[in-house]
1. Can you put Ile409, Ile291 in order of accessible area, largest first, using a 1.4 Å probe?
2. For a label point 7 angstrom out from the Cα of Arg301 toward its Cβ, which stretches of segment 64-81 have the backbone nitrogen within less than 11 Å?
3. List the extent of the Cα atoms of the chain along each of their three principal axes, largest first, rounded to whole Å.
4. Based on alpha-carbon positions alone, could you give the equivalent ellipsoid semi-axes of segment 56-104 from the gyration tensor, as √(5λ), descending, whole Å?
5. Using the eigenvalues of the Cα gyration tensor, what equivalent ellipsoid semi-axes result for segment 67-133 when each is taken as the square root of five times the eigenvalue, whole Å, largest first?
6. As a test of reading the structure, rank Glu298, Glu337, Glu132 by solvent-accessible area (1.4 Å probe, protein chains only), most first.
7. Give the cross-link partners of Lys218 among the aspartates and glutamates, using a straight C-alpha distance below 14 Å as the criterion and excluding same-chain residues fewer than 8 apart.
8. Does segment 1-98 come out rounded, prolate or oblate, given a ≥ b ≥ c as the square roots of the eigenvalues of its C-alpha gyration tensor, rounded meaning a/c under 1.5 and, failing that, prolate meaning a/b above b/c?
Amino acid sequence: MDVVIIILQVAIILACLVFGAKKGGMALGLIAGIGLVALVFVFRLEPGEPPVSVILTILAVIGCAATLQQSGGLDVMMQTAERLLRKHPEQVTILGPLVTWTLTVLCGTGHVVYTMLPIIADIAIKKDIRPERPMAASSVAAQMGVTASPVSVATVSVVSIISEHTDKHWSVPQILMISMPASLAGVLLAALWSMRRGKELDDDPDFQRRLEDPEFRKSVYAGSKTLIGKVFPPQAYRATWIFLGAIALVVVLGAFDVLRPSFWNEEDQAVEPLSMNLVIQMIMLAAGALILLTCKVEAGRIASTAVFKSGATAMFSIFGVAWMTETVVQAHLGSLEKGLTGVLADHVWMYAIVLFIIGKLVNSQAAGLLIVAPMALSLGVDPVVVVGFIGASYGYFILPTYPSDLAAIGFDPTGTTRIGKYIINHSFLVPGLIGVATSCLVGSALAQLLLS
């Protein structure tokens, strides 16, 4: 009977994900509320903890990045990236993902790539390269950059979780020594595989048939999307340096605990340095304020930027979906721990599988880590394994419902970047699997070498 009840509860989660994904936008978070009500009022499960810390940190980063965009600073970074891409257009399938990955590493969120996607599509079309190749890989790379960023919630969460549940006190740079090359290796391999995927546009009968329609041909070969030649005011460059300086400050504070103020922790009965989650929140808010006050930013227009809109939508989805999933996981945590104890002891790679699945269910790498990593550590999983498999937290590409994936589909006028007939057979599936698997293999090797 207990098994049947658990299956029904999981079915509720999956149903909310499917229906929310079909509606798009904020629907995922809203429909998760129906699932949460059913779980609490029908199944009488105690509500789990909503991922408040994750949401607040993402909110601070998104707020700063949106202010940067409104100042023109983000376009300065995009223009630099576009120069690189247009200088080597034939390598767009490799350079596109590297550019989007780098932007995420710098900004801490994959929602800064939307301006880059139509540029990547334009370059591919002009070189007669199937746009699906760089577009899908670039969308995947943008999300894989999250675990390689010093200002992402996922990276800082791993530092905090390991410090709280073990005697290891690794810094943010120590984690990045593992996660950054692991993530980059996954991106490169996914991009290399993408170079030969699908048919060339000239040999694609479906594309050639659609090209016979004058309207379709016009939409495909319309004017270029470009930032080349655009002149930015001095304050845009100033905003960029303020933002990059804030990232550098976060890295330094993460590397040296002594630079952070310490406070008495009643729960642990010890004096502890300020958590990196709070450090990022404060630094990002302060950096956003500096950009606002010194770079002629119109405060009323920050919330209308693409970065803020997409980030806010993603946060709302994380709020509803992660809270709903956390409720089920916490309700059955005892049984889950009992069932995984022997499995994780004998097969540590199962930790990556569990993290991958939960990461998909909550649509957030940070939220997935906050649910799975503490449980695994309590079951005796080596913290070195937790760090090595950090890349497995990116599982939400399995269903193409994430904003960056949908944007990549929308910005590809040829229609080659698409969702297949059976939904699961979409453009992002194989690059995502290659990227995550490679990241886990490289990360595990590096963690054993550098942290053991």
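The values are calculated or read from the model by the stated rules, or taken from the named source; none is laboratory data. No experiment lies behind these values; they were computed from the predicted model shown. With ideal geometry, Cβ positions are generated from the backbone for all residues, glycine too; neighbour counts draw on all protein chains shown. These area figures cover heavy atoms from the full protein model, side chains too; ligands, DNA and RNA do not enter into them. Shrake-Rupley method; radii C 1.70, N 1.55, O 1.52, S 1.80 Å.
1. Ile409, Ile291
2. Zone members listed by number: 70-72.
3. If we take the Cα atoms of the chain, the spans are 66, 54, 45 Å.
4. 26, 13, 5
5. Numbers: eigenvalues 91, 27, 20 Å².
The equivalent ellipsoid of segment 67-133 has semi-axes of 21, 12, 10 Å.
6. Details: Glu298 100, Glu337 50, Glu132 10 Å².
Descending order: Glu298, Glu337, Glu132.
7. Asp122, Asp412
8. prolate
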